[in-house]
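Student: The structure that follows is given in the form of structure tokens.
The values are calculated or read from the model by the stated rules, or taken from the named source; none is laboratory data. Small disclaimer: the values here were computed from a predicted structure and weren't measured. A quick note on method: Cβ atoms are made from the backbone with ideal geometry, for glycine too, and the neighbour counts reach across all protein chains shown. All accessible areas refer to the heavy atoms of the entire protein, side chains included, with ligands and DNA or RNA removed. Shrake-Rupley method; radii C 1.70, N 1.55, O 1.52, S 1.80 Å.
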Amino acid sequence: MISYLSKPLCRQFSHTLIGLILLAPLAGSQQAQPAQLGRLTGRVTDQRGDAISGARITVTGPVSQTVLTDSSGKFLLAALPAGDYELQVTAPGFSSRSQRVTVTVRGSANSETTVDLTLEPASLLETVTITPARVERRLDELSASVRVLDARDRDQTAAQTIDDLLRQVPGFSLFRRSSSLVANPTTQGVSLRGVGASGASRTLVLTDGLPLNDAFGGWVYWDRVPRAAIERIELVRGGSSDLYGSDALSGVINLLTRGARQRVINAEASYGTRDTADVSFFASERFGRWSASLSGEALRTDGYFIVAPELRGRVDEEAASRHRVLELRIGHSWNAENEVFVRGSLFDEDRRNGTRLQRNETATESLALGGRMRTSDGSHWNLMLFANQQRFHQSFTAVAADRQTETLNRLQVVPSRDAGLSFNWSRLVAERHLLVAGVDVRGVRGTSDETGFVSGRATTLLSAGGRQRRLGIFAQDLITISPRWQLAVSARYDHWRNLSAASVERRLTTGAVTANFFTPRTEDAFSPRLALLFRATENVSLRGAAYRAFRAPTLNELYRGFRVGNVVTLANENLRAERLSGGEFGVSWAAAERLTLQLTGYWTETAGPISNFTLSVTPSLITRQRRNLGRARARGIEAEADYRIATRWRLSAGYLFADSTVRRAPQDVRLEGLWLPQVPRHQFTLQAAYSHPEHVTAAVQLRAIGQQFDDDQNQLPLGRFAVLDVMVSRPFNRYFETFLAVQNLFNERYAVGRTPIETIGAPRLVRGGVRVRFER
């Protein structure tokens with residue numbers, strides 16, 4: 001029975017086995033066939049259609065991948081199984097964007113799905129900054145009052161100079177109200193929040209972290225940075241000596257230029273009233289690991305009469321200027337976080353200062369070397385070395401009361417040199433402590449060589465100057481106590497020494513020589529800061545800070561006198577450092593996705609502020625001397641609002657109330673209670689812009705300034721004023737656009753100085769031009 005049944009079973013089994021053997025190759029071939037996969041490609045651009053390189057593209061779904069866009073803004077994500085994905089795009093300076101994407105496979109391997117993405121500029125609180133903490137931090141993570149102006153702000157304003165652009169920020173002021181387009185460079189000292197203005201800046205101005213303040217005099221040559229090369233400007237308001245040392249008494253302004261990340265050509269050329277012509281450009285290219293960028297600017301203008309019409313005489317002429325700057329940067333990078341570079345620049349300018357005999361000119365050569373590196377332990381290292389050489393020439397005159405005659409009374413030649421280094425290290429420790437530490441060193445040597453004239457004849461030779469050495473060491477700990485609380489603790493020690501200082505006078509009529517050799521002097525400063533940030537809700541943040549800051553007197557203040565109109569200001573070799581103590585409390589409110597409000601109250605008190613103290617007043621001459629006053633106080637309220645009404649509309653406004661007064665003045669008690677000179681009590685700014693990159697961009701800026709005084713005795717008032725600027729641009733295509741800009745649209749007349757002759761600000765200025773943008 002078993003034998004009978006086994007034969008059919010064996011036969012059936014054998015047939016089945018043979019069939020399986022015959023089907024095996026086919027089954028094997030079907031199993032070996034790879035699964036069909038898709039690809040996701042696209043391009044990331046800004047609202048103008050320009051490529052955004054280095055944007056991070058992340059997809060999550062059946063699989064997850066991350067890539068960066070190339071120099072043309074393109075990206076490729078390969079080997080994606082079919083399905084739904086969440087795509088997220090982030091890029092510095094832009095708001096992140098998320099989008100659902102479906103990857104389909106259409107019957108063949110590597111089928112492609114394409115999606116193009118346009119990013120909007122980052123909201124205020126999303127902006128990433130470097131300056132406030134000397135490391136990259138988002139604005140909503142900072143316990144300081146910070147304002148950022150980007151390339152869009154630059155292009156949507158009629159301002160032709162960087163200092164005029166910065167006047168959009170309430171609290172920003174120069175020693176005098178006039179634009180650097182016509183003003184003497186020695187009047188371009190910056191102050192913030194009404195701390196007090198002078199020719200020497202009480203705010204540190206940087207270019208990519210390198211000091212832009214004149215090493216000898218402390219004033220600022222805004223023309224040294226081509227406008228087309230600027231990517232953004234970061235302003236930190238409030239004492240910042242804890243990280244930046246001297247000159248950061250009232251804050252820091254950092255002009256950040258574009259990096260050579262891709263092939264770029266960015267240029268602007270314009271022509272306008274008063275024969276004003278300028279061109280500014282930036283170009284960069286990458287060659288594998290090497291990169292190079294070249295930027296430059298040239299401007300000339302016939303200027304305008306700076307003396308009020310009813311006071312002009314035969315000696316008066318337009319205050320004209322001309323400048324040129326060229327900068328080359330070469331870098332070598334191993335990756336995004338490791339790079340070395342060398343940068344060199346040449347700058348020269350010539351100015352006519354409003355009369356037939358008053359002139360000044362400057363020539364500067366600069367060189368910088370540096371690098372940044374990230375080591376395996378997560379540490380970031382930055383090192384920069386720099387050197388500058390400068391020659392400054394200026395003539396001074398005495399003008400008759402009727403302004404019909406002018407006599408040369410002084411010629412100055414000021415050669416100066418400076419060199420220094422800046423080093424800092426940062427590292428995240430234990431996930432809660434972001435540590436930052438570093439050292440800054442700078443040495444300055446300068447001399448004012450003067451020739452004095454009487455009745456048109458040279459009578460005296462005077463040489464006065466010296467050397468100054470500075471050393472600063474700082475440390476900071478940014479502590480994340482919890483998701484809502486953050487504490488910032490920082491401190492800095494500075495030591496400086498004035499040495500090799502002397503004043504030597506020779507009378508040409510007699511040959512007599514008088515020499516004064518000044519005793520070397522040393523000073524120190526300790527600048528702590530304690531700041532706290534509390535995120536009360538997702539949309540509301542509270543911040544508070546207390547700090548100390550200082551400013552050492554410059555060689556110019558110590559040893560060089562000067563004359564403006566009929567006001568003579570004498571040097572003072574015994575000046576001591578200004579020392580500030582202060583605090584602030586602020587609130588930031590993201591009231592809606594498009595609306596951001598910031599309000600800050602501040603209080604500062606400065607011991608020994610350096611002021612131009614009036615010694616005597618006559619109808620033909622006012623004599624002053626730089627002196628340390630007893631104590632000055634600045635307190636006030638700072639308010640800002642930014643409202644993106646719609647995708648293409650933006651409105652922003654700012655207001656500063658500054659109560660800046662002399663609290664104690666032992667040298668002249670009559671000054672107590674008076675306003676600090678050159679500080680207005682009220683400042684208001686308003687900007688409204690409509691931007692449709694494919695059709696038209698239009699913007700208006702209103703700037704209103706309250707009354708202030710031009711002197712320490714409050715005898716020379718400068719009245720309030722308001723000016724309106726307008727800018728309109730229209731593109732030809734994605735590479736070219738034309739624009740028309742009008743400053744002081746209604747031709748408002750306003751006073752910028754009284755020396756004691758009233759000088760006036762810029763009348764209506766109109767210019768038109770073309771912009772070229774090419775990015776690949």
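Student: Could you please find all residues in segment 498-522 being assigned to a strand (DSSP E or B), out of contact with any Phe, Trp or Tyr (no Cβ under 6 Å at 6 or more places or on another chain), closer than 21 Å to residue 558 by Cα and not β-branched (Val, Ile, Thr)?
Tutor: Listed by number, the residues that qualify are 498, 499, 500, 503, 505, 506, 515, 516, 517, 521.
Student: Same structure, new question: When you go through 247, 242, 223 one by one, which is the residue that is in a helix (DSSP H, G or I) and at pLDDT below 95?
Tutor: Answer to the check: 223.
Here's the yes/no breakdown for (1) among the small types (Gly, Ala, Ser); (2) crowded, with 17+ Cβ neighbours inside 10 Å; (3) touching a helix residue (DSSP H, G or I) at 6+ places or on another chain (Cβ under 7 Å):
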| position | (1), (2), (3) |
| --- | --- |
| 494 | no, yes, no |
| 499 | no, no, no |
| 504 | no, no, no |
| 507 | no, no, no |
| 512 | yes, no, no |
| 517 | no, no, no |
| 520 | no, no, no |
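Student: How many residues are part of a strand (DSSP E or B) and touching a residue at least 40 places away in the same chain (Cβ under 8 Å) when one looks only at segment 307-341?
Tutor: The qualifying residues number 14.
Student: Hey, any hits in segment 382-399 for a residue that's at pLDDT below 95, over 21 Å from residue 301 (Cα atoms) and of a type in the set (Ser, Thr, Tyr)?
Tutor: Yes, there is a match, as at least one residue in segment 382-399 is at pLDDT below 95, over 21 Å from residue 301 (Cα atoms) and of a type in the set (Ser, Thr, Tyr).
Student: Taking segment 714-730, which residues are of a type outside the set (S, T, N, Q) and either touching a Gly at 6+ places or on another chain (Cβ under 9 Å) or closer than 30 Å to residue 677 by Cα (or both)?
Tutor: Once the filter is applied, which keeps residues that are of a type outside the set (S, T, N, Q) and either touching a Gly at 6+ places or on another chain (Cβ under 9 Å) or closer than 30 Å to residue 677 by Cα (or both), segment 714-730 yields 716, 717, 718, 719, 720, 721, 722, 723, 724, 725.
Student: Within segment 648-660, how many residues are more than 18 Å from residue 239 (Cα to Cα) and open to solvent by less than 80 Å² (accessible area, probe 1.4 Å)?
Tutor: Residues in segment 648-660 being more than 18 Å from residue 239 (Cα to Cα) and open to solvent by less than 80 Å² (accessible area, probe 1.4 Å): 6 in total.
Student: Find the residue count for segment 621-647, including only residues that are within 17 Å of residue 586 (Cβ to Cβ) and crowded, with 16+ Cβ neighbours inside 10 Å.
Tutor: Of the residues in segment 621-647, 8 are within 17 Å of residue 586 (Cβ to Cβ) and crowded, with 16+ Cβ neighbours inside 10 Å.
Student: How do the pairs read when you match residues in segment 263-281 that are under 16 Å from residue 162 (Cα atoms) and open to solvent by 50 Å² or more (accessible area, probe 1.4 Å) with residues anywhere that are part of a loop (DSSP other than H, G, I, E, B) and not basic (Lys, Arg), using Cβ under 9 Å and keeping only pairs 6 or more apart or on different chains?
Tutor: 281/226
Student: Further, regarding this structure: So residue 684 ticks every box in (1) in contact (Cβ under 8 Å) with a residue 60 or more places away in the chain; (2) open to solvent by 50 Å² or more (accessible area, probe 1.4 Å); (3) under 30 Å from residue 51 (Cα atoms); (4) not in a loop (DSSP other than H, G, I, E, B) but one. Which box is left unticked?
Tutor: (3)
Student: Another question, then. Anything in segment 597-616 that is over 21 Å from residue 556 (Cβ atoms), open to solvent by 20 Å² or more (accessible area, probe 1.4 Å) and in contact (Cβ under 8 Å) with a residue 12 or more places away in the chain? List them, or say none.
Tutor: Within segment 597-616, 597, 598, 599, 601, 603, 605, 607 meet the criteria.
Student: Would you pick out the residues in segment 374-394 that are assigned to a strand (DSSP E or B), surrounded by fewer than 19 Cβ atoms within 10 Å (Cβ to Cβ) and polar (S, T, N, Q)?
Tutor: 382, 389
Student: Shifting gears a bit: Filtering segment 720-738 down to residues that are under 24 Å from the mean Cα position of the chain (by Cα) and open to solvent by less than 40 Å² (accessible area, probe 1.4 Å), which residue is farthest from residue 270 (Cα to Cα)?
Tutor: 723
Student: Still on this model: Which condition breaks for residue 230 when tested against (1) buried (at least 24 other Cβ atoms within 10 Å of the Cβ); (2) under 15 Å from the mean Cα position of the chain (by Cα); (3) hydrophobic (A, V, I, L, M, F, W, C)?
Tutor: Condition (1) is where residue 230 drops out.
Student: Do any residues in segment 546-568 that are farther than 20 Å from residue 251 by Cα and small (Gly, Ala, Ser) have Cβ atoms under 6 Å from those of residues that are part of a loop (DSSP other than H, G, I, E, B) and modelled with pLDDT of 80 or more, where the two are at least six apart or on different chains, and which pairs are they?
Tutor: Sorted first by the residue in segment 546-568, then by its partner, the pairs are 561/571; 565/757.
Student: Any chance you could count how many residues in segment 721-747 are modelled with pLDDT of 95 or more and part of a loop (DSSP other than H, G, I, E, B)?
Tutor: Number of matching residues: 4.
Student: Continuing with the same structure: Is it fair to say residue 157 is buried (at least 21 other Cβ atoms within 10 Å of the Cβ), at negative phi and touching a strand residue (DSSP E or B) at 6+ places or on another chain (Cβ under 7 Å)?
Tutor: Yes, satisfied.
Student: So which residues in segment 455-476 are open to solvent by 70 Å² or more (accessible area, probe 1.4 Å) and either polar (S, T, N, Q) or not in a strand (DSSP E or B) (or both), if there are any at all?
Tutor: Within segment 455-476, 455 is the sole residue that qualifies.
Student: Which of the residues belonging to segment 40-94 are assigned to a strand (DSSP E or B), free of Cβ contacts under 8 Å to residues at least 24 places away in the same chain and of a type in the set (Ser, Thr, Tyr)?
Tutor: 66, the sole residue that qualifies.
Student: What number of residues in segment 545-565 are open to solvent by less than 20 Å² (accessible area, probe 1.4 Å) and assigned to a loop (DSSP other than H, G, I, E, B)?
Tutor: Number satisfying all stated conditions: 5.
Student: Suppose we filter segment 477-492 for residues that are open to solvent by 20 Å² or more (accessible area, probe 1.4 Å) and in contact (Cβ under 8 Å) with a residue 24 or more places away in the chain; how many remain?
Tutor: Here the count works out to 10.
Student: Between 427, 410, 432, which is within 30 Å of residue 376 (Cβ to Cβ), among the basic types (Lys, Arg) and in contact with a Gly (Cβ under 8 Å, 6 or more places away or on another chain)?
Tutor: 427 is the lone residue from the list that is within 30 Å of residue 376 (Cβ to Cβ), among the basic types (Lys, Arg) and in contact with a Gly (Cβ under 8 Å, 6 or more places away or on another chain).
Student: Since residue 149 meets every condition but one in (1) farther than 30 Å from residue 277 by Cα; (2) open to solvent by less than 20 Å² (accessible area, probe 1.4 Å), which condition does it not meet?
Tutor: Among (1) farther than 30 Å from residue 277 by Cα; (2) open to solvent by less than 20 Å² (accessible area, probe 1.4 Å), residue 149 violates only (1).
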